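The values are calculated or read from the model by the stated rules, or taken from the named source; none is laboratory data. This is a predicted model, so every value here is computed, not measured. Glycine also receives a Cβ, built like all others from the backbone with ideal geometry; neighbour counts cover every protein chain displayed.
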Amino acid sequence: MTSGTDRFPGMARRQDLQDVELVEAEDDLAEAPPGAPTGPPTARSARRRWLVAGALLTVAVVAVAVNQRASTASEDAAVARLAKVPGVLAPVDDSLQVVRRLTQDDLAELAETSGGVLRRAADGSLSYRWSAPGSAGWTTQLLPPDPGLADGVLVRSASACETDEIPMADPASAFRAVCLVADGGTVYGEDGAAIATVPTTAVSVVVLSVADGSVETRWPVPSGDSLALMPGGLVVVGGQVGTSAVATGYDMLTGAERWRYEQDSPVVSGGPGTAGPGVSVYRAGDVVAFVPPDRTHVLLSTDGAPVRSGLIDPDASSWGAGKDPRTGRLVITEGSTRGSTRSTYVAPDGDPAGDLVTDGRPLYAALDDGSVPDRVLTADDDAVHGTRLTTGTSWSVHVDTPGSALVLRGRVLVSGAHGITAVDGASGRVLWRTVDEPGLRPGVLMTDGRHVLVAFERAGPDAVAALVALDPATGAEVFRAPYPAGVEQVAPLGRHLTGTDADGEPVLLE
């Protein structure tokens, strides 16, 4: 009789099983001669192929995991860098609620930026309030209480202040604040109508230390509608003297007159908010922009010499002028009778050879992280243009009625009448567009670093206003947070979200 194991000689007894090393047969590895018949793979060959496939799959899975971790780490690092950019919000999630109403002091504190603001108290007094993150700040009174300027909702006067930091730098780097202080003004009521006017009888320049608000010096000027602070301790005051519009350069600390530029002016100015448009002066690059009441523009050197005039095309059907907050350049925007618009970014030294002329009107980004340098944004009714300052080359993208803009991680994002458009800032290539949302109108664009946040306001009776978070790379909706009951508008303030309630009062959201 034979045993069961003897009947199946190819099977080994369990107790005889041993660990063995798999060795590939030489004939499996050898290349078959040309024309030789190919037989079925051996068991050893098949096993080897399965082992190789399994190893490759393991390597692929590990590579994907490593890439995912690297991508996540890179994204987290980018978000952390963005968190340091002024205006980037603290992380936002899919729910919004009202925390409390905000006072004027709350608004200044939440802004979390260094800088000063003029404040008119209910008693008519005027003060300059300086705020800085991590500091209690200070307040210096510039004018005592005045019953004639009290009890209004708004008082307009020639009073204004500037700080001496380098243009486009953080105001925290300033050493001094220089204020033009006028004792008159016009008082406006709740309906926006003027209810009282106090004539200006005295104008002075007050120089304050940013460190503690102490008055370093104070000196009078014969008249003053505006002030420009220039390098080298130069203060330029614009005002009306008789029938002449005058710009006068003064030494900041002594008040000594350095130079004077006059131009006949048929319009007698009483200063902003009183009897006329006033004489405007402001820094425009390296020169002083001088704008008399007839609104012609003259550029003056820091020595008071005229550098350039005739900046406005006499054939323009409309025009406007201002200072670009990103570059500090004077920007002249002109419209034609054909309906087109162009903007001229005047060279910092006023030389026409260095001007940049581009289509459209300036489109200023609500937040700019600096990732699209050397490019200015302008817009027409149906397009956005990105133009390089150094070369003049540009791209154009169709956007219906451009509104708010955001420059974020190399992308230019623009809200339009029918959604959001994301553009590669360097090439102008459209990366994505959102679809139209009936009953909703896209408002201000914001970011918490990880998302593009869009405040969708109600434009129809059945729509639900909401803060919508989009993926910056794809435009896909990540979440939607409806506005709290009674909140009608949402906007950023420093690193915080704020809203406006049904009474028109500001509220803090989180």
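Among the candidates T401, T378, T391, single out the residue that is on the phi > 0 side of the Ramachandran plot, among the β-branched types (V, I, T) and not assigned by TED's automatic domain parsing to the domain that holds A169.
Numbers: T378 fails: on the phi > 0 side of the Ramachandran plot; T391 fails: on the phi > 0 side of the Ramachandran plot.
None of the others qualify; the one that does is T401.
If I go through region 296-323 residue by residue, how many of them are among the hydrophobic types (A, V, I, L, M, F, W, C), over 19 Å from P348 (Cα atoms) and more than 31 Å from the chain's Cα centre (by Cα)?
Step one: list which residues in region 296-323 are among the hydrophobic types (A, V, I, L, M, F, W, C), which gives 298-300, 305, 307, 311-312, 316, 319, 321.
Within this subset, residues satisfying the condition of being over 19 Å from P348 (Cα atoms) are 316, 319.
After this cut, where a residue has to be more than 31 Å from the chain's Cα centre (by Cα) as well, the list is none.
Qualifying residue count, region 296-323: 0.
Within region 64-168, considering only strands (runs of 3 or more DSSP E) that don't extend past its boundaries, which have at least 1 residues that are in contact with a Pro (Cβ under 9 Å, 6 or more places away or on another chain) and exposed (fewer than 15 other Cβ atoms within 10 Å of the Cβ)? Walk me through it before giving the result.
Details: elements: 98-101, 115-120, 126-131, 138-143, 154-156, 160-163.
Output list reads 98-101.
What number of residues within region 189-220 are over 23 Å from W130 (Cβ atoms), aliphatic (A, V, I, L, M) and either outside the structural domain of G148 (by TED's automatic domain parsing) or part of a loop (DSSP other than H, G, I, E, B) (or both)? Can you show your working first?
So in region 189-220, the residues over 23 Å from W130 (Cβ atoms) come out as 189-202, 220.
Then keep just the ones that are aliphatic (A, V, I, L, M); that gives 193-196, 198, 202.
In the following step, the residues that additionally are either outside the structural domain of G148 (by TED's automatic domain parsing) or part of a loop (DSSP other than H, G, I, E, B) (or both) were identified as 193, 202.
Count: 2.
One residue is enough: does region 407-419 have a residue meeting the conditions farther than 19 Å from A455 by Cβ, part of a loop (DSSP other than H, G, I, E, B) and aliphatic (A, V, I, L, M)?
Within region 407-419, the subset farther than 19 Å from A455 by Cβ is 409-410.
Those left that are additionally part of a loop (DSSP other than H, G, I, E, B): 409-410.
Filter once more, so that each one left must be aliphatic (A, V, I, L, M): none.
No, region 407-419 contains no residue that is farther than 19 Å from A455 by Cβ, part of a loop (DSSP other than H, G, I, E, B) and aliphatic (A, V, I, L, M).
Being under 17 Å from V331 (Cα atoms) and either of a type in the set (S, T, N, Q) or loosely packed, with under 14 Cβ neighbours inside 10 Å (or both) is the filter here, so list the residues in region 377-400 that pass it.
Hits for region 377-400 are T378, T387, T390, G392.
Is region 478-490 home to any residue that is surrounded by 21 or more Cβ atoms within 10 Å (Cβ to Cβ) and among the aromatic types (F, W, Y)? Walk me through it before giving the result.
Here is the first cut: in region 478-490, the ones surrounded by 21 or more Cβ atoms within 10 Å (Cβ to Cβ) are 483, 490.
Checking which are among the aromatic types (F, W, Y) leaves us with 483.
Looking through region 478-490, at least one residue is surrounded by 21 or more Cβ atoms within 10 Å (Cβ to Cβ) and among the aromatic types (F, W, Y).
Do any strands (runs of 3 or more DSSP E) entirely within region 437-487 hold 1 or more residues that are of a type in the set (A, V, I, L, M) and in contact with a Lys or Arg (Cβ under 8 Å, 6 or more places away or on another chain), and if so, which? Full working, then the answer.
Working: elements: 440-447, 452-458, 466-470, 477-482.
Filter on region 437-487 gives 440-447, 466-470.
What number of residues within region 290-306 are surrounded by fewer than 16 Cβ atoms within 10 Å (Cβ to Cβ) and in a strand (DSSP E or B)?
The qualifying residues number 1.
Cβ-Cβ under 7 Å, sequence separation 6+ or interchain: first residue in region 148-175 and farther than 15 Å from S131 by Cα, partner among the charged types (D, E, K, R) and outside any strand (DSSP E or B). Which pairs?
Between residues of region 148-175 that are farther than 15 Å from S131 by Cα and residues that are among the charged types (D, E, K, R) and outside any strand (DSSP E or B), the close pairs are A150/D123; V153/E190; A158/D225.
Go through (1) in contact with a helix residue (DSSP H, G or I) (Cβ under 7 Å, 6 or more places away or on another chain); (2) buried (at least 21 other Cβ atoms within 10 Å of the Cβ) one by one and return the number of the condition R450 breaks.
(2)
Against the definition (out of contact with any Cys (no Cβ under 6 Å at 6 or more places or on another chain), at pLDDT 95 or above and under 30 Å from E216 (Cα atoms)), how does G270 come out, yes or no?
For G270, the condition - out of contact with any Cys (no Cβ under 6 Å at 6 or more places or on another chain), at pLDDT 95 or above and under 30 Å from E216 (Cα atoms) - is not met.
Determine if region 174-194 includes at least one residue that is within 21 Å of R119 (Cβ to Cβ) and loosely packed, with under 13 Cβ neighbours inside 10 Å. Before you say what the answer is, go through the steps one by one.
Keep residues of region 174-194 that are within 21 Å of R119 (Cβ to Cβ), which gives 174, 176-190, 192, 194.
Then drop every residue that is not loosely packed, with under 13 Cβ neighbours inside 10 Å, which leaves 190, 192.
Yes, region 174-194 contains a residue that is within 21 Å of R119 (Cβ to Cβ) and loosely packed, with under 13 Cβ neighbours inside 10 Å.
Quick check on my filter: what residues within region 106-149 are of a type in the set (D, E) and under 28 Å from the mean Cα position of the chain (by Cα)? Give the steps one after another, and end with the answer.
Quick first cut of region 106-149, residues of a type in the set (D, E) only: 106, 109, 112, 123, 146.
Answer for region 106-149, where residues must be of a type in the set (D, E) and under 28 Å from the mean Cα position of the chain (by Cα): D106, E109, E112.
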